[in-house]
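Reading through the structure tokens given below for one structure.
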Amino acid sequence: MLVRQNITKTVKAIIDNDLAFQDALQRGYGNFSAMARMIKPSVDAILNRDVSIDSIVTALKRIRHNYTLPSKSIESIIADSKINVRTDVAKISIAKSRSTIEKVSLPLKEHYDSFISVSEGINSLTMIFDDIILERMKDTFNEYLLEVEDDLAAIIVQSPEEIIKTPGCALVFYNQLARRRINIEDTVSCYTDTIIIVKMDDVARAFNALTDLISESRKQIAGIPRGYKF
């Protein structure tokens, strides 16, 4: 039993560091025998012995639910979530000072309907807003600019109020994108909204990935087998 547990723990550690394998397990398209053959050299090296393919396959089957099934409380929150997409978004980061904090209030008042997010760090402020006011924002904060990015999109996941006190929900959203090799340019939580900033080139894939996640969670809540298509 101890030997089997060591193999399982070793296989899990390898899978935890490989997003492609995680995605294969999550979406159910991975061939266990093929995956076992691919990771066998690493398993053998870590355990310092020749581990059979069958043992690695058994370990993969044991751990696959770690990557496919969120807890029931998280799944119900995901199932009740909705997605909005806002394209043509820009982001700037500026040095934090009394002067910049005072200056932030003016565009916030004048363009409150354009702002998506304002976040404050120890030494900087980051603002995410509609691209249409980017040039004005650059002029306003010119000498304080640390970073400027445009050609972005904001994916806003609106969840039920339970998300506030349920740990792990945002991580499920982030993992869904990471396993599809989608880079998250920025992210912030605002009350029940999880705002995820991605490049415009990635927005369609990101939207589809999160929509799939919500759809699969709704099927699970309804008792429909994962991966079932109508």
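The values are calculated or read from the model by the stated rules, or taken from the named source; none is laboratory data. Computed from a prediction, not measured in an experiment: that's the story for all the values here. Cβ coordinates were reconstructed from backbone atoms using ideal geometry, including for glycine residues, and neighbour counts include every protein chain displayed. Calculation scope for accessible area: heavy atoms of the full protein, side chains included, ligands and nucleic acids excluded. Shrake-Rupley method; radii C 1.70, N 1.55, O 1.52, S 1.80 Å.
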**Report entry** Among the candidates Ile184, Ile92, Ile83, Ile156, residue that is at pLDDT 95 or above and part of a loop (DSSP other than H, G, I, E, B)
**Finding:** Ile184
Report summary line: Of Ser105, Ser55, Ser119, the only residue that is over 25 Å from Arg205 (Cα atoms) and exposed (fewer than 14 other Cβ atoms within 10 Å of the Cβ) is Ser105
Query raised in the report: Cβ-Cβ below 8 Å, separation at least six or inter-chain, first residue in region 102-113 and in a helix (DSSP H, G or I), second among the hydroxyl-bearing types (Ser, Thr, Tyr): which pairs?
Result: Lys103/Thr140; Leu106/Thr140; Pro107/Thr140
Query raised in the report: Being open to solvent by 60 Å² or more (accessible area, probe 1.4 Å), within 18 Å of Val85 (Cα to Cα), of a type outside the set (Lys, Arg) and at pLDDT below 95, is that true of even one residue in region 128-149?
Result: yes
Requested in this report: Check whether at least one residue in region 114-127 is among the acidic types (Asp, Glu), at pLDDT below 95 and either in a strand (DSSP E or B) or over 22 Å from the mean Cα position of the chain (by Cα) (or both), and report yes or no.
Outcome: yes
Report task. Could you tell me whether any residue of region 72-86 is surrounded by fewer than 15 Cβ atoms within 10 Å (Cβ to Cβ) and among the acidic types (Asp, Glu)? Result -> no
Query raised in the report: Quick one: would you say Ile15 is under 24 Å from Ile184 (Cβ atoms), in contact with a Cys (Cβ under 9 Å, 6 or more places away or on another chain), among the aliphatic types (A, V, I, L, M) and in a helix (DSSP H, G or I)?
Result: no
